[in-house]
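Input: a single structure, listed below in structure tokens.
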Amino acid sequence: MTTRSLAILQSNYLPWKGYFDIIHDVDLFIFYDDLQYTKNDWRNRNRIKTCNGAEWITIPAGEDSNRLVCEVAIANRLWQTKHWKSIQQNYGRCPHFSRYAPFFQEFYLGREWQGLSQINQYLIREIAREFLGIKTEFRDSREYASGGQKLERLLGLVSMAGADRYVSGPAAKDYIDPQRFSDLGVELVWKDYSGYPEYPQRYPPFEHRVSILDLLFNVGPEAPWYIWGWRSEPRAPAAPPSAAAGGNPG
């Protein structure tokens, strides 16, 4: 009997490598964007490395907290130009910037985005499929008629998705009852984010919890090894010779 594995997470803006690690772990990944939007969270912002350390790039999403993530509208395009300039300035001299620049330039300058969930889901799907080679199926929680609150609704999604293995981030330990998954006949697996190898990163000291952009621009096609490949293939791929650990992009 084939095991069907599942993960369910809210979409994040240009999430860190651990987010893509979970996606790679499962057969089906469900975006959970019909939940309460939380301000000053990963939903509309992330961090990039700069000469001044890790700094936030944030999509202006307004002050209204009484919205679901999928209801958050983006009022103007000014942030798109600002984010692209910041990415260019801080990563323009990275070894693999030119490999991915056309995609991100088109994303920021060639389109007008109106919803936060639309932005996040598009970026996550494209980065996962096109740049990391992930084959996982993507769905949206709004495609399922699951009722109830918090854990009850989550269990409903797991059941309707036909999963028998559920992979969860450790933060969910605050509200997940493992016995409920066991009663449902679903194996619950807690994701372990420890042990990620460092890679040639500009502006030391090294920081793991930054946007996936940092990994892509610095190591390019070797990115999957630094996310999950190292667990089965201990030997690191050759580091790009021009990937300096420090320096100033000018």
Inset, instruction - Using a 1.4 Å probe and ignoring any ligands, DNA or RNA, find the accessible area of E112 and quote it in Å² to the nearest 10. - result: 120 Å²
Legend entry - At q = 0.13, 0.21 Å⁻¹, base-10 log of I(q)/I(0) for region 54-186 (Debye sum, equal scatterers on each alpha carbon): -0.79, -1.31
Inset, instruction - Whenever you get a sec, line up D41, D177 from highest to lowest accessible area (probe 1.4 Å, protein heavy atoms). - result: D177, D41
Legend entry - Partners for K85 among aspartates and glutamates (Cα-Cα distance below 18 Å; same-chain residues under 8 apart left out): E55, E106, E112, D214
Inset, instruction - Taking a cut-off of 27 Å between Cα atoms, list the lysines near K150, but don't count ones fewer than 8 places away on the same chain. - result: K17, K39, K173, K191
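At 222 nm, what helix-only mean residue ellipticity would the chain give, in deg cm²/dmol to the nearest 500, using -39500 (n - 2.57) for each DSSP H run of four or more? Don't jump to the answer; show the numbers that get you there.
Values: 8 runs with 77 residues, N = 250.
The per-residue figure over the chain is -9000 deg cm²/dmol.
Per residue, how much accessible area does region 106-151 show when a 1.4 Å probe rolls over the protein heavy atoms, in square angstrom? Each step should come with its number before you reach the end.
Values: 2330 Å² over 46 residues.
With the other protein chains kept in place, region 106-151 gives 51 Å² per residue.
Based on the alpha-carbon set only, what is the convex hull volume of region 130-186 divided per residue, in Å³?
110 Å³
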Legend entry - Positive-end extreme of charge dipole, the chain - chosen from I124, P205, G195 (charges on Cβ): P205
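In debye, nearest 20, what is the charge dipole magnitude of the chain about its Cα centre with +1 on Lys and Arg Cβ and -1 on Asp and Glu Cβ, if you could check?
Details: 29 positive and 29 negative charges, 136 e Å.
Charge dipole of the chain: 660 debye, to the nearest 20.
Once fully extended, how much extra length lies between R129 and T81, figured as 0.36 nm per residue of separation less the alpha-carbon to alpha-carbon distance? Mind dumping the intermediate values first?
Numbers: separation 48, 0.36 × 48 = 17.28 nm, distance 2.49 nm.
Result: 14.8 nm gained on full extension.
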Inset, instruction - Quick one: pull the percent of accessible area on the chain belonging to carbon and sulfur, 1.4 Å probe, ligands and nucleic acids left out. - result: 48 percent
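Taking Rh as the Kirkwood radius computed over C-alpha pairs, what is the Stokes-Einstein D of the chain at 4 °C in a medium of viscosity 1.567 mPa s, expressed in µm² per second?
Details: Rh = 19.2 Å.
Stokes-Einstein gives a translational diffusion coefficient of 67 µm²/s.
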Inset, instruction - Return a whole-number percent for the relative contact order of the chain, with Cα pairs under 8 Å and 6 or more residues apart as the contact set. - result: 28 percent
Legend entry - Charge dipole (the chain, unit charges on Cβ, about Cα centre) - positive-most of G133, Y19, N90: N90
Inset, instruction - Heavy atoms only, probe 1.4 angstrom, no DNA, RNA or ligands counted: give me R4, R47, R93 ranked by accessible area, highest first. - result: R93, R4, R47
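The values are calculated or read from the model by the stated rules, or taken from the named source; none is laboratory data. None of these values were measured; they are calculated from a predicted model. Cβ sites come from the backbone with ideal geometry, for glycine too, and all protein chains shown count toward neighbours. Only protein heavy atoms, including side chains, enter the accessible area calculation; ligands, DNA and RNA are left aside. Shrake-Rupley method; radii C 1.70, N 1.55, O 1.52, S 1.80 Å.
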